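Asker: Here you go, one structure.
The values are calculated or read from the model by the stated rules, or taken from the named source; none is laboratory data. Note that this is a predicted model, so its numbers are computed, not measured. Here Cβ is always computed from backbone atoms with ideal geometry, including for glycine, and neighbour counts include all displayed protein chains. Areas reflect the complete protein model, heavy atoms only, side chains present, ligands, DNA and RNA absent. Shrake-Rupley method; radii C 1.70, N 1.55, O 1.52, S 1.80 Å.
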Amino acid sequence: MNAIRFLPVIALAFVTLAHAGDNSGEYNRNYEWKPDEVKQDTAVTLPAWVADDGWLPYNAGRMHKNRYFVAPSSISLVADGSVRYALKVVSPEGAQNYLYEGMRCENSQTIRYATGRPESKSWRMSPKSEWRKLIPGDVPQVQLKYDVFCPDQDRPVVSVEQAVKLLQNNR
């Protein structure tokens, strides 16, 4: 008697297993999969070297001992939907690093286009610049994304002026 009660369950299991082995359908026909759209990068034009007084500080959080600065004159909104900017990082010991980077708000990606050479006041293109996902350890960039360049999460600021205003308010 107990075997008869479990007969529908056993039959369903066999049908499920039989269908699982059927690979005739390559995909779920109820869902149309589309690969992520690969955006073509706009050609990179490096900004002019920024004078010492051309940097605005921004707060990257209490956990960092480094100080961070963005050059308002370097901020640009690009046709591919990204924001480009020059970043200066100053360590507690006074060491300075200069970076020219890009950020995509819609998928939280960043790219390093160039590093700065203060002795020659010039930029050097990064030999291997690729878009990569922001991770929690990228604190300065994550803070810039949420506080300055992508205030609406997935969309960049509407103008350079808006980015500069947000940067000025984030000291």
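Asker: Name the shape class, rounded, prolate or oblate, that the alpha-carbon gyration tensor gives for region 57-171, where a ≥ b ≥ c are the square roots of its eigenvalues, rounded holds for a/c under 1.5, and otherwise prolate holds if a/b is larger than b/c and oblate otherwise.
Answerer: Since a/c stays below 1.5, the shape of region 57-171 is classed as rounded.
Asker: Further question on the same structure: Quick one: compute the contact order of region 72-171, relative version, from alpha carbon pairs under 8 angstrom and 6+ residues apart, as a percent. Numbers along the way, then the final one.
Answerer: Values: 160 pairs, mean separation 20.7, N = 100.
Contact order relative to length: 21 percent.
Asker: Might you work out the accessible area of residue 115 for me, using a 1.4 Å probe with all protein chains in place, and round it to the nearest 10 Å²?
Answerer: 50
Asker: Considering only Cα-Cα distances, which of the following residue pairs are longer than 21 Å: 128/165; 65/133; 65/128; 65/165; 65/88?
Answerer: On the way: 128/165 32 Å; 65/133 24 Å; 65/128 28 Å; 65/165 24 Å; 65/88 14 Å.
Over 21 Å Cα-Cα: 128/165; 65/133; 65/128; 65/165.
Asker: What is the Cα centroid distance between region 50-91 and region 110-171, reported in whole angstrom?
Answerer: Spelled out, the Cα-based centre of one part sits 6 Å from the other.
Asker: Given charges of +1 on the Cβ of Lys and Arg and -1 on the Cβ of Asp and Glu, with all other atoms neutral, how large is the dipole of region 103-171 about its Cα centre, in debye to the nearest 20?
Answerer: Roughly 320 debye, rounded to the nearest 20.
Asker: Moving to a separate point now. Name the trypsin sites (Lys or Arg not before Pro) in region 59-99 that are in a loop by DSSP and that have at most 12 other C-beta atoms within 10 Å, would you?
Answerer: For trypsin sites (Lys or Arg not before Pro) across region 59-99 that sit outside H, G, I, E and B with at most 12 neighbouring Cβ atoms in 10 Å, the list reads 62, 65.
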